[in-house]
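Visitor: Here it is, the structure in full.
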Amino acid sequence: MAVLQPIVDIAEICHRHGIRRVVVSPGSRSAALTLAFVRHGGFQVQVVIDERSAGFIALGMALDSEVPVVMICTSGSAAYNYAPSVSEAFFQQVPLLVFTADRPREWIHQHDGQTIFQSEIFGSHVRKFFELPADYGHEDACWAINRMVNDAILSCTGVPFGPVHVNVPIREPFYPLEGEVFAPSNNLRVVNRIPALSTLSSDSWNTLLEKWDSCGRILIVAGQSKFNANLNNVLSQISEELDVVIVADCISNVRNDSKFISYHDLFLPNQNPDDLRPDLLITFGLSVISKALKQFLQKNPALHHWHVSEDSHLVDTFQSLTCQIPVSPEYFFENIFEKLDYQLFVQGGEPETDPSFLTNWVRSNNQAKQLLYAYLDNLSLLNDLSVIYGAILCLNDHWRIHVANSMPVRYLNVLGDTLGNRMVASNRGTSGIDGCVSTAIGDALVSDNSVLLITGDLAFLYDRNGLIINSLPANLKVLVVNNAGGNIFRMIDGPSKLPELEDFFETRHQFSAKGTAQDSRINYLTATSKHQLEELLPSFLSGNGMSILEVFTDPEENSRAWKGLKAHVRAKW
């Protein structure tokens, strides 16, 4: 039996729960944890030096999975460096199982190295926190460790998904003796949980249907979500057959229907609210990018607002919530459509919704789309918007797109259904610029599809340490739009008018991605004109191995192009 047998057993419990991926940041105090997973032989272990990048790489690996990814780090500030990725995983509802090695409690704040207060270090940003016993002499300690590790895994994958923190105090010696065998205990127990389906009673459905029938103007808004083919299909049926409006940002991954609304960023500021104000608003998913949509629905509240989510936390983004429906969106929309469709069949009538409401939204959407394309086709100079638009046009439906925060995600959102069926991921849980490179790397490492990361220069430079790993994913391409600073502050009225704009908001710089590409042995391309970009994009996207294409744009031209688009739509409306 190993000296730290309960630590060895942790890896086996994780394996029996179906976990297969581990991200390790090297350290001494965490050696026993690392070796338990490495010597187990049943895990794919990725080593990442920087814990901040490691956390986001794990996040990227777990994005589309219902299986947690394990993270392991040593004691001290290493654990704190997980905080950005843990908080992002919490708000994006991604399952991460975080193991932080620690000194035994009596050595905390005793001037011992790599020692900080790690208990509950992530506060409210984890679903649960556990601290394992440091001593295993009594059989109850081993029983407690087994129970807590099982509980931690089940908590990661309970609805809603999210990160769970397990702090592991470890006494010396924590390196194995020569000849020490790493094998699971004979009496190891794995605790499973039978999944339960959240449903609504007949009385609840009757109440909802009665309310639906009383509302002529119904609007469904999709927040950030994973792609769900069944949900996508039923939303198309609801829109087509019941004259219901479906509004979807790019990160909702609800698309590929001509009647879905995706150009709302452009037309809502210019539209008469009386034509578009809903009686019933139904929302699902997580965050919404569009500020125009949020402001419109806050200023023009629906009479009734239902939010469909299995998360018990009350979310009232549009300040109009009247009912929370605690079921999955797929279950809710499939059932309500089936019930409404049957009701219409029995009654032999037409939907009681107002068809002009859908017509108004679709007409505005199509008009905004035409104005956008006319504007883009007339842009002769290189700018951030035209760079991202040109890149999207070169992608087929097999690409996954990761997009950084600040302006890139806003540019992508304004392009509407230009995205087609391509899946979009973005760290919109906390909407920070940290971690976008590492998250895309993690996703590409586990994805069979090609992955394109669209990022600004600051977000790229901020997260360069994600590239300090062996075996970078060959299916990842990185498009860096370098405007030499935080260009979003030039787009906002407040900072854009300040004399301190360039030095203290945009933070002007002369750095590029070239040195990083050379250090990581990544193929590097650069473009400074529209003609160069058009020539390089096809080979950049189709080339073998990971590549970086850095496009240099002028911040003042970017501001003119973005504000010019808004002015163009406003003038033609």
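Visitor: Taking H placed 1.01 Å from N in the peptide plane, check which residues at least 5 places from Gly456 or on another chain put their amide H under 5 Å from its amide H.
Guide: HN-HN under 5 Å from Gly456: Ala404, Val481.
Visitor: Let me ask something additional. Counting other beta carbons within 10 Å of each Cβ, put Leu188, Leu476 in order, fewest first.
Guide: Fewest-to-most Cβ neighbours within 10 Å comes out as Leu188, Leu476.
Visitor: Still on this structure, please answer the following. Answer rounded, prolate or oblate for the range 202-365, using the Cα gyration tensor with square roots of eigenvalues a ≥ b ≥ c: rounded when a/c is under 1.5, else prolate when a/b is larger than b/c, else oblate.
Guide: Judged from the Cα gyration tensor, the range 202-365 comes out rounded (a/c under 1.5).
Visitor: While we're on this one: Summing Lys, Arg as +1 and Asp, Glu as -1, what charge do residues with Cβ under 13 Å from the Cβ of Ile468 carry, Ile468 excluded?
Guide: Around Ile468, the surrounding residues sum to -1.
Visitor: Here is a further query. Whole-Hz ³J(HN,Hα) for each residue in the range 459-475, computed from phi via Karplus 6.51 cos²θ - 1.76 cosθ + 1.60 with θ = phi - 60°, x for glycine and proline: what do you get?
Guide: 5, 5, 5, 5, 10, 4, 5, x, 8, 8, 9, 7, 6, 4, x, 6, 8
Visitor: Among Trp573, Trp399, which comes first, then next, by fewest other beta-carbon atoms within 10 Å?
Guide: Values: Trp573 14, Trp399 21.
Fewest to most other Cβ atoms nearby, the residues stand as Trp573, Trp399.
Taken together, the values in this text are just the output of simple stated rules run on the coordinates, not laboratory data. It should be emphasised that the depicted structure is a prediction, and the values quoted were computed from it without experimental measurement. All Cβ positions, glycine included, derive from the backbone under ideal geometry; neighbour counts span all protein chains shown.
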